[in-house]
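Asks: Below is the structure I would like to discuss, written out as structure tokens.
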Amino acid sequence: MESSRKRKEDDPIALLRRKKRKRRMIRELTGRIILLVNVILFIVLLVMVVKNSSNSRKMKEQNSLPDSWSNEKSSKENSEDDEEESLISDSKIDKFAQMYSGKKDSFLNYTVCIDAGHGGSDCGAKTNTGIEEKEQTLILAKKVRQYLESLGINVVMTRTKDVELSLEERRDIANNANADVLVSIHRNMYNGLEKIAGIEAWINNSEPYEARKIAEDILDNITGCADDINNRGVKSGSMDDPYENFGMNKVEMTSMIIEVGFMSSSYDNHWFRRHNDDIAEAIAKGIADNVMLFYYN
Ligand SMILES: [Zn+2]
């Protein structure tokens, strides 16, 4: 037994076979390791390419913003107290105020509440590159305030910072200020359909004449200064129920929600940025022209 095993071990052919088998196993193992390394490298490369392309898309989107927009963002982020910040140039404000010269004293009696939609953890809608509705509504609301204040109108903001407020808290701010008009600024969203685009306004389903007139004028003013946008008109109630009102229209005063383009439409997003200051002016003009008409006595 002992001697036969020894003989087998010493057998040069068996030895050669064993060596061959060992070499084959090493070759196979090396091959597998190389394959595994290649697969890992490929995955890493793929992740890097995907990351890069999404970054460059973001950069492209950022770069396409007018300078004023990125400055506004950075000034907003850097400022501790933004009450005094100016987002519209003095020359634009002066030009706007001149349209109402001689009437300014009459504006002193009016209070307008401007509501920047969403805020805090409620980001609202989002563009496909991650820009949030709450940022855009706040900047636009502040610009509208600047225009209105240049006329001497008393402007109350529901928020001037990135804070979360319930609809009730927003309504309370407008009510407590005895506002004549409440204008809530939003951007729209229609998931998955790029071609749904344009501006629209929502008012109480009782169709108050004043609210319809101001909202119509605001939409007309916006298309007047930035005419490459679809005007979807003034609607009442809400999308799901014409008899159920949106929260911000559940107030005694004249109120409206202005939806300034769809965040799901890249066309609207570019339009919104390109004409941002003019849109603010158009909203302010719609309010100023009518506030005197309806509330002066
Ligand atoms: Zn919104």
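Every read-out reported here was derived from the displayed coordinates using simple, explicitly stated rules and does not represent laboratory data. Keep in mind that this is a model prediction, so the values were computed, not measured. So basically every Cβ, Gly included, is an ideal-geometry build from the backbone, and we count neighbours across all protein chains shown.
Asks: How far apart, in nm, are two points set 7 Å out from the Cα along the Cα-to-Cβ line at C123 and at E149?
Replies: 2.9
Asks: For M239, what is the net charge nearby, where nearby means another residue's Cβ is under 14 Å from its Cβ and Lys, Arg count +1, Asp, Glu -1?
Replies: Spelling it out: positives minus negatives among the neighbours equals -3.
Asks: Sticking with this one: Using per-residue counts of other Cβ atoms within 10 Å, averaged over each peptide, order 203-209, 254-260, 103-109, 286-292 from highest down.
Replies: Result, highest mean Cβ count within 10 Å first: 254-260, 286-292, 203-209, 103-109.
Asks: Of S238, Y267, N249, which is farthest on the positive side of the dipole of the range 234-280, counting Cα position, with +1 on Lys and Arg Cβ, -1 on Asp and Glu Cβ, and the Cα centre as origin?
Replies: With unit charges placed on the Cβ atoms, the residue in question is Y267.
Asks: Now for a separate question. With an 8 Å Cα cut-off and a minimum separation of 6 or more residues, compute the relative contact order for the range 68-295 in percent.
Replies: It rounds to 24 percent for the range 68-295.
Asks: Evaluate 2.2 N^0.38 Å with N set to the residue count of the range 68-295, then give the Cα radius of gyration divided by it.
Replies: It is 0.94.
Asks: What number in nm² do you get for the range 76-197 if you take the convex hull of its Cα atoms and divide its surface by four?
Replies: Its average projected convex-hull area is 9.3 nm².
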